[in-house]
Every structure is written in C-alpha cells, then in structure tokens.
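What follows is one structure encoded as structure tokens, with my remarks underneath.
The values are calculated or read from the model by the stated rules, or taken from the named source; none is laboratory data. Since we're looking at a predicted model, the values are computed, not measured. Glycine gets a Cβ as well: all are built from the backbone with ideal geometry, and neighbour counts include every protein chain shown. Accessible surface areas use protein heavy atoms only, side chains included; no ligands, DNA or RNA. Shrake-Rupley method; radii C 1.70, N 1.55, O 1.52, S 1.80 Å.
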Amino acid sequence: MTAGSTIPAGEAHEFLDGRFRAVREPAPPGEQRLLLPIGVVDRAAALLLERRARFVAMFLRPERSLAVAFAVRGQLVALQASVDRTSSFPSLALLSPAFRLPERELHDLHGIVPLGHPDLASVLDPDPDHLRRRVEGEGTFLIPYGPIRSGVFESIQHVIETGGEDVLALGVRPYFKRRGLESRFDGLTPGDGATVAERVAGIASVAHACAFTHAVERALGVEPSPRAQLWRVVHAELERIANHLDVATRLAEDAGLSVGVARFGILKEQVMRLRARLCGSRFGRGVVVPGGISAEPLLSTTEIRSILNELERDLRRDRKLLLRTPSFTDRLIGSGTLEPITVDAYAGIGPVARGSGIPTDARFERPYGAYRRLGFRIATAEDGDAMARLEVRFDEIRESIHLIRQALERDAKEEDEPAAELPAATGAAFGWAEAPMGELVYWVEVAEGRLQTVRISSPSLRNWPVFAAAFRGDVLTDFSFIEHSFGLTPAGADR
C-alpha cells in the first residue's frame with residue numbers, strides 16, 4: 001500500500017496489527033476499536049493520516065482509556081490506549097493542527113500531557129484580558145473582539161492582530177461559557193439524554209438528537225422503524241435549510257442589503273413556521289427519541305409539499321437577485337479563501353470543506369437511517385472563499401428539498417409503527433449525523449439502561465481553528481463576511 005492511498009473498509013485492524021500488534025475490541029458495524037500501547041498511538045495515527053483518514057474526536061473513557069477516532073473510508077476507527085493520571089503521550093498536534101485544541105482540552109480536564117505540544121496554555125478557563133501576541137513589529141496592535149459582542153452573538157473571543165487594516169493573524173478563543181453538558185448526561189435514561197442533546201446547540205437541535213439517538217441505538221442493537229427514519233430525515237433537512245438561509249440573511253446584512261435581509265429572513269421564517277406546524281416546535285425539539293420518533297406529524301404530506309414548492313420558487317428568484325448584486329458578490333469573492341491542503345490539515349468539515357472542493361459528508365460517507373435509501377448530490381465548489389461557501393449552502397438547500405420530497409413519497413408506502421423499545425442493557429457505540437455545520441459525532445456508553453458516558457465532537461468545535469486559518473491577506477472589513485460564511489456556533493464548542 002503506497003503513501004497517500006486509502007485503507008479499504010474493514011482493513012484498518014489488519015493494517016495496524018502487523019505494525020503495532022493492535023488488539024481489536026468488539027464494536028457495532030461501521031466502527032472499529034483498536035487497543036494499542038500509549039507510546040505508539042502517534043505512529044499509528046500518522047499512518048492513518050498518510051492514508052487519507054480524517055481526525056474526528058479525542059476523549060477519555062471512564063476507565064482511563066484514551067480514544068482517538070478517525071473517519072476511514074466508510075467507517076470510524078478508534079485507537080484506544082490505557083493511561084493513568086501521570087501519563088503522557090507523544091503529541092498528535094505534531095502531526096496535524098487538528099489535534100491542538102482537543103489535546104489542550106484533554107490536558108485541562110484530565111492532566112494528561114501531550115509531549116511536544118506547541119502550546120499547552122489552559123484553554124477551558126480563558127481570561128478575556130490576557131492576550132498573547134504572535135505578531136511583533138512597529139505599528140502592530142491587538143483588537144480583542146469579544147467575548148461580549150453586540151447583537152445576538154454568543155460568547156467567543158477573536159484576537160485580531162493588525163497593522164491597521166490587514167489581518168496579520170487571528171486567534172479564536174471559545175469556552176467562555178463552557179456548560180459541562182457532557183457530564184450532565186451521566187445517569188440519565190436515554191430518553192432524558194435526548195432532551196439534553198437537543199440543547200447543546202439550539203440551531204442544530206435535530207442534528208444533535210439524531211447523532212445521540214444513533215449512538216444509543218447502535219450501542220443497544222435497536223433499529224428504528226423505516227417510517228421513523230424517514231421523518232428524521234424530514235426534520236433534519238428542514239433544520240439544514242433554516243440554517244443555510246440564516247447564513248444568507250447575515251451575509252446580506254453585512255453588505256447593507258435591506259431587501260436581501262428581508263427576503264431571506266422571510267424565507268427562513270417560513271421554514272421555522274413549517275417546523276412549528278409540523279411538530280409543535282420551531283426547532284424540531286421533542287421529535288427524535290431513542291428508538292424512533294415521539295409523535296405523528298401534524299401536517300399532511302400534501303401541505304408540506306405545497307409549502308416546499310412555494311419556498312423553492314421564491315428561493316430561486318431571491319438567490320438570482322442576490323448573486324447578481326455586485327456590491328454583495330464583490331465582498332465575498334476572494335474573502336477568507338481556504339486551500340484544500342489547509343482544510344485537510346485542520347480536518348475541516350461541512351460547507352467549509354465542501355466550499356474548498358472536499359466532498360466530505362457523513363450522510364454519504366457513512367449513510368445512516370433513511371439516508372441509506374435516498375439519493376442526493378454532494379454540493380461542492382472549488383474557489384474556497386466566502387462566495388463558494390454560500391453557493392454550497394444554496395445548492396444544499398435544493399438537495400435538502402429533494403431529500404424531503406423523497407422521504408414524503410416513501411412515507412406513503414410505510415406502515416405506522418411505534419418507537420422501538422430500548423432494553424435495559426449495556427453497550428457503547430459512536431453515532432453520527434451531518435449537521436448543518438458539518439459532521440457531528442457522539443460517543444455513548446450505556447450501563448443497564450442508564451447513560452454512563454457521553455462525549456461530543458461538534459462541527460463548530462472542529463471548524464473554529466479552520467476559521468482562524470482562513471485569514472490570508474484579508475482586511476478588517478472582511479471579518480464579518482468570513483465569519484458568517486462559516487455559519488458556526490460557539491455553543492457547539494462550549495458543550
């Protein structure tokens with residue numbers, strides 16, 4: 001196998017066993033868990049990265065087992081190693097910048113030392129007044145933007161280093177309102193856990209519920225009914241549409257386009273009202289539960305199709321008008337350009353990655369639920385700038401409407417079934433969903449029907465470092481365009 005080639009699905013164990021005597025642990029289909037000595041995890045990770053694996057998550061299991069998960073051609077592969085309270089391991093941040101933030105978090109939470117890490121300053125207790133400079137020179141200065149900002153922005157601090165107009169360097173500092181939600185799951189029933197998952201990031205409530213329930217169902221060997229899986233798709237894709245329309249609204253506002261703000265705000269509101277009429281919640285909460293869905297849809301498929309037809313028609317018109325406005329497009333074209341090599345280095349995901357020509361999408365790479373039976377096209381663009389990311393979102397709205405129509409058509413052929421019963425059993429598994437911001441992954445351990453451990457790898461947490469890397473020759477007035485083109489939420493990081 002040559003460097004740069006992929007590892008065929010199911011062969012990660014054989015590939016690593018010959019080099020490190022990896023012990024394969026039992027796991028549900030779609031994932032592999034390989035137990036290794038702590039001293040070789042970095043070398044095993046390096047081999048996976050060389051063969052196009054993508055970093056997904058890093059966390060500690062209750063029995064002091066370090067887990068580092070990678071997406072490997074249709075599977076999740078977790079490298080595991082036992083550690084104690086004085087343990088150290090060769091830093092994986094030396095292999096890729098994608099590991100820098102997770103290793104700092106791991107060090108703060110558990111005292112485990114990643115040897116050789118370039119910066120182990122505390123990340124979980126940020127001081128808004130303690131600012132570190134990376135750029136020195138006459139006339140350079142810092143602008144601390146946040147953690148408190150105007151409008152409805154959440155708490156996050158951007159440390160902008162500039163000589164006047166050009167952004168010379170940017171630091172992103174989350175965790176100002178870290179809520180410890182992962183520990184909040186401990187001891188809950190899976191049903192109550194779904195309620196907590198929906199509140200990790202409000203704008204992605206359905207995605208979090210889907211990833212969490214997917215993990216619980218895989219851990220306990222439960223399969224929701226085909227009809228429940230179809231309605232999960234409907235709710236998830238409506239959430240994606242609403243998020244993408246919100247990004248378009250914010251970008252129009254950045255450019256001072258009052259008509260654009262109004263038009264896309266109206267379209268988003270129509271989607272939110274459809275969601276409320278469909279299930280009683282504008283955010284789709286309370287629908288996705290372990291084992292299936294909680295209630296029947298409150299609208300007929302005919303009504304849903306009618307609303308979607310009107311939305312699609314209006315969006316086609318408004319998209320055309322927006323993208324024919326030079327004062328808008330001039331601000332996005334060339335702003336925040338990301339080369340594919342940079343996105344790969346930081347393990348970027350979602351529309352951020354797809355805007356740079358990288359077709360990563362959990363719905364396609366590791367199909368789950370009804371996505372295994374539905375067809376769609378992964379929307380990509382090649383330029384890697386703010387405009388490309390917006391174009392990806394517009395194209396994804398079209399694909400989301402297409403997916404919803406397929407789900408509604410198939411629903412008419414499925415029998416109504418109640419949610420599957422969850423056994424009071426023990427198990428552990430990864431679960432995933434493609435949130436509007438990108439791949440969302442949960443690790444869940446269940447003991448006798450109660451949640452023991454939940455770990456969350458959110459797309460916002462993984463893409464904030466990519467945001468800092470997007471500033472290459474951009475100026476201060478580009479900042480809001482670039483930030484809003486990413487469509488991230490600090491709540492997704494401050495979990």
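Remarks
- Residues in region 447-478 that are more than 21 Å from ASP254 (Cα to Cα), assigned to a loop (DSSP other than H, G, I, E, B) and out of contact with any helix residue (DSSP H, G or I) (no Cβ under 7 Å at 6 or more places or on another chain): GLU448, GLY449.
- Residues (within 20 Å of the chain's Cα centre (by Cα) and among the aliphatic types (A, V, I, L, M)) located in region 364-402: ALA370, ILE378, ALA379, ALA381, ALA386, ALA388, LEU390, VAL392, ILE397
- Residue that is nearest to ALA57 (Cα to Cα) [pool: residues in region 455-476 that are β-branched (Val, Ile, Thr) and in contact with a strand residue (DSSP E or B) (Cβ under 8 Å, 6 or more places away or on another chain)]: ILE456
- Some residue of region 103-114 being open to solvent by less than 50 Å² (accessible area, probe 1.4 Å), closer than 22 Å to LYS177 by Cβ and β-branched (Val, Ile, Thr): no
- The selection criterion, being open to solvent by 10 Å² or more (accessible area, probe 1.4 Å), within 24 Å of LEU440 (Cα to Cα), modelled with pLDDT under 95 and of a type in the set (D, E, K, R), holds for GLU25.
- Among the candidates SER480, SER457, the residue that is touching a residue at least 24 places away in the same chain (Cβ under 8 Å) and closer than 23 Å to ARG64 by Cα is uniquely SER457.
- Test: residue in region 395-417 that is under 30 Å from ALA468 (Cβ atoms), without any contact (Cβ under 8 Å) to a residue 60 or more places away in the chain, out of contact with any strand residue (DSSP E or B) (no Cβ under 6 Å at 6 or more places or on another chain) and among the β-branched types (Val, Ile, Thr): no
- Residue in region 254-273 that is of a type in the set (A, V, I, L, M, F, W, C), within 25 Å of ALA428 (Cβ to Cβ) and modelled with pLDDT of 95 or more present: no
- Among the conditions (1) surrounded by fewer than 24 Cβ atoms within 10 Å (Cβ to Cβ); (2) of a type in the set (A, V, I, L, M); (3) assigned to a loop (DSSP other than H, G, I, E, B); (4) in contact with a helix residue (DSSP H, G or I) (Cβ under 6 Å, 6 or more places away or on another chain), the only one that LEU488 does not satisfy is (1).
Conditions (1) without any contact (Cβ under 8 Å) to a residue 60 or more places away in the chain; (2) open to solvent by 70 Å² or more (accessible area, probe 1.4 Å), marked per residue:
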residue	(1), (2)
ALA248	no, no
ARG263	yes, no
ARG277	yes, yes
GLY292	no, no
GLU296	no, yes
GLU312	no, no
LEU322	no, no
ILE341	yes, yes
TYR346	no, no
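- Boolean, ALA433 is modelled with pLDDT under 95 and of a type outside the set (Val, Ile, Thr): no
- Note on region 213-246: residues that are outside any helix (DSSP H, G or I) and either of a type outside the set (A, V, I, L, M) or open to solvent by 40 Å² or more (accessible area, probe 1.4 Å) (or both) total 4.
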